[in-house]
Amino acid sequence: MIVLLGVLVVIIGFATRRNPLLVVGVAGIATGFLGGLSPQKVLAAFGDGFASSRAVTIFVITLPVIGLLERYGLQEQARNLISRFAKLTTGRFLTLYLVLRQGFAALGLRDLFGPAQTVRPLAAPMAEGAAERRYGTLPDKTREKIRSFTASADNVGLFFGEDVFLAVGSILLITGFANSTYHTHLEPLQLALWAIPTGLCALVVHGGRLLRMDRTLERELLGARVELATQEAAK
């Protein structure tokens, strides 16, 4: 029972808003010592845990690489690239991103896109660049709105696309739970096939919202400019 005091360390650490990595590390060490492990065995347990789940720590490599690319102008190059396509508006670009995201997720390539890999360094600057080409400098509120819609295109595409790929963990979890709990014989392919119409509906609904964003931006930005010009003329 005393071994569970490690959980108390986690609760206190999070309640006092300490560094999560430090809290989990201290809780792990405390649990190991309370469980009667020697310092060598505690260190070995940390090493085994890191080696068995080292894929989780891939961000340690990904984030510095993306930060370095952004430092040397990755986002500016993305804005310049989108400016060459005059007919590619913000809404059309985000709809295209949604289609690609959902399509690749349906093929099992769910890590090809993502918030860290594409949304922040590429997709969001390109969506902002498309809007700047049409309306000039954007207010901060509009920039935040475009970034939020970019993130939504990524999330919706992944959420409804990955279920079409029958080897994804959620499909296997559902089939395993249903077969063991309700004594049925549900195949992953059956769930994947039924996920197709749901994914298509999500694509149509959210794609429509993204396309409608062009009219929203035009109404907001042009209206704000007319109002500003009227105020300046009145002065």
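The values are calculated or read from the model by the stated rules, or taken from the named source; none is laboratory data. The structure displayed is predicted, hence computed values, not measured ones. So basically every Cβ, Gly included, is an ideal-geometry build from the backbone, and we count neighbours across all protein chains shown. Please note that ligands, DNA and RNA were not included when accessible areas were found on the heavy atoms of the full protein model with its side chains. Shrake-Rupley method; radii C 1.70, N 1.55, O 1.52, S 1.80 Å.
What number of residues in segment 1-54 are on the phi > 0 side of the Ramachandran plot and within 25 Å of the chain's Cα centre (by Cα)?
Selection size over segment 1-54: 1.
Give the residues of segment 76-97 that are assigned to a helix (DSSP H, G or I), free of Cβ contacts under 8 Å to residues at least 60 places away in the same chain and more than 18 Å from the chain's Cα centre (by Cα), sorted by residue number.
Those that are assigned to a helix (DSSP H, G or I), free of Cβ contacts under 8 Å to residues at least 60 places away in the same chain and more than 18 Å from the chain's Cα centre (by Cα): E76, Q77, A78, R79, N80, L81, I82.
Report yes if some residue within segment 50-61 is open to solvent by 100 Å² or more (accessible area, probe 1.4 Å), modelled with pLDDT of 80 or more and either farther than 24 Å from G114 by Cβ or not aliphatic (A, V, I, L, M) (or both); otherwise report no.
no
Given G157, G161, G169, G207, which one is under 22 Å from Q117 (Cα atoms) and open to solvent by 40 Å² or more (accessible area, probe 1.4 Å)?
Step by step, each of G157, G161, G169, G207 is checked, and only G169 is under 22 Å from Q117 (Cα atoms) and open to solvent by 40 Å² or more (accessible area, probe 1.4 Å).
Residue-by-condition table, conditions (1) touching an Asp or Glu at 6+ places or on another chain (Cβ under 9 Å); (2) loosely packed, with under 15 Cβ neighbours inside 10 Å:
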site: I2; (1), (2): no, yes
site: L5; (1), (2): no, yes
site: S83; (1), (2): yes, yes
site: A86; (1), (2): no, yes
site: T95; (1), (2): no, no
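Give the residues of segment 98-143 that are assigned to a loop (DSSP other than H, G, I, E, B) and crowded, with 21+ Cβ neighbours inside 10 Å, sorted by residue number.
F113
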